[in-house]
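The block underneath contains the structure these notes are about, expressed in C-alpha cells.
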Amino acid sequence: MTTGPAIYFDGLTSARHDVTVEATPEVLRIRAADGAEIAEWRYQDLRHQSAPDHVLRLGRTGDTVLARLEVHDPTLAHTIDEHADTLDRTGAAERRVRTRVIVWSFAAAVSLVLVGIFGLPALADRIAPLVPLSVEHKFGLAVDAQVRSMLNPGSSKGPFECGLAAVEKPGRAALDNLVKRMETAAGLPIPLKVAVVRRADANAIALPGGHIYVFQGLINRTRSADELAGVIAHEIGHVANRDGTRSVLQAAGLSFLFGVLLGDFTGGGVVVIAARSVMQKAYSREVETAADRYGVRLMGKIGGDVRAFGSILGRIAGGEPGISILQNHPLTKDRIAAVNAAAGDAPAPAQPLLTPAEWADLKQICG
Ligand SMILES: [Zn+2]
C-alpha cells in the first residue's frame, strides 16, 4: 500500500480538504486529517480530468456530485496509475465524453420536438414495443444495480438478497421451483430474475429486463404459496407487457433510447431516473388491470388457485395492518372484482403449488 497527501473537493462546497490517500491494491481510500475515512473509490470508476502536468486530477464515472481528488505526490500518482488500468491520461476518454455530450444534446432536442408532436405518454406507448429485447436486458442490468443500491437499507442482518446463506438455500430452491413453472408457462422472450430482498414492507416490483423483486415483508404476509405466486404472476404480467420499459420511456424520454445507441447507461442519469420511476411511479388503472388479467391467466396455466391473488388484494383493501403491498399500484374495489370475475367459477385446485414442506422452506428464505 502506498500512502500520500492529496487535496479533496467534495463536489458540494468549494472547500479544499487536505487528505491522506491510501492506494491499496483493491481501492483508493481517502482519509481526513484526523484519520476519519471520507470515501473509498474503486479503481475501475476513476476518471482522469485534465490538469497541469505535475498534477493527477481524478473524478469518478457516474458521480453525480462531482467530487474530485488532486494528487501532487509523484509516488502516489504512479501507484494509482499502476492500479487503475482503465485510467486514461492521454485525453481520449475526454474526447469521447465531449462527443457524447454533443450527441446527447442533439438527442434532447429531437426528443423535445417529438414529445411536442405526440405527447410523452403516447410516444412512449409507440416506442416501448420497438425497444429490442437485448437492449431492455442490458438496460435492466444497469437499473437493477441502481435499484438495489436505492432499496438496500444497509441492514446488519445479512446480505440484501435473501436465499444465499446455507439455511436459506432450501427456501431459494422452493422459490426457484415455483418461478421455473411460471416462467415456462409464461413463455417470456427474456429470462426472469426473481430475487427476494430484505425489506420489511410487503411489496413486489418488476423492473425492465425481467428483474422482479419480492420483499421479505410480502413473504411474511402471504398465507399460501398460491397467494405469493399470484403476486409474482401479476409482476410477470408487467414484464410481459413491458410496463417497466414504457414507464422509463415516459420518465427519461428519448434520452433512454440515445443511451441505447451510445451503448452506455452506466454513466448517465437515465438509470437513476429509471430506477426512481419504477419504484415510485404508480401505473395507471388500465396497466394494472392488464397485469391482473395476465396474472390470473398464468395462475390458471400452472394449475394454481386463481382466486389467491384476489384474496390477498382483498386483505390489503380491507386494511390489514402492515400490508402496503403494491402500494404504488392503485387499488380499487373494481380491480378486486375484476380479478375475481376473471377467475370465473374455476374449481379450487386439489393441492397448493408447493408442498407444505416447500412452503415452510420458502417462508424461511430470509433466515
Ligand atoms: Zn402492478
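Here are the numbers:
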read-out: Full-stretch length increase - Lys333, Arg297 - with 0.36 nm per residue and alpha-carbon distance subtracted; value: 11.0 nm
read-out: Spin-label pair Met150/Arg16, simplified geometry with 7 Å Cα→Cβ offset, distance in nm; value: 3.7 nm
read-out: Whole-Hz ³J(HN,Hα) from phi, Karplus 6.51 cos²θ - 1.76 cosθ + 1.60, for region 130-138, glycine and proline x; value: 8, 5, x, 5, 4, 6, 4, 4, 5
read-out: Relative contact order for region 2-83, counting Cα pairs under 8 Å that sit 6 or more residues apart, in percent; value: 30 percent
read-out: Nonlocal amide H pairs with Val196, under 5 Å, H built at 1.01 Å; value: Cys162, Val214
read-out: Those GluC sites (Glu not before Pro) in region 1-104 that DSSP places in a loop and that have at most 11 other beta carbons within 10 Å; value: Glu26
read-out: Whichever aspartates and glutamates have a C-alpha closer than 16 Å to that of Lys180, once near sequence neighbours (fewer than 8 apart) are set aside; value: Asp226, Glu235, Glu358
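FYI, it's all coordinate maths here, none of it is from the lab. Here the structure is a predicted model, which means the values were calculated and not measured. A quick note on method: Cβ atoms are made from the backbone with ideal geometry, for glycine too, and the neighbour counts reach across all protein chains shown.
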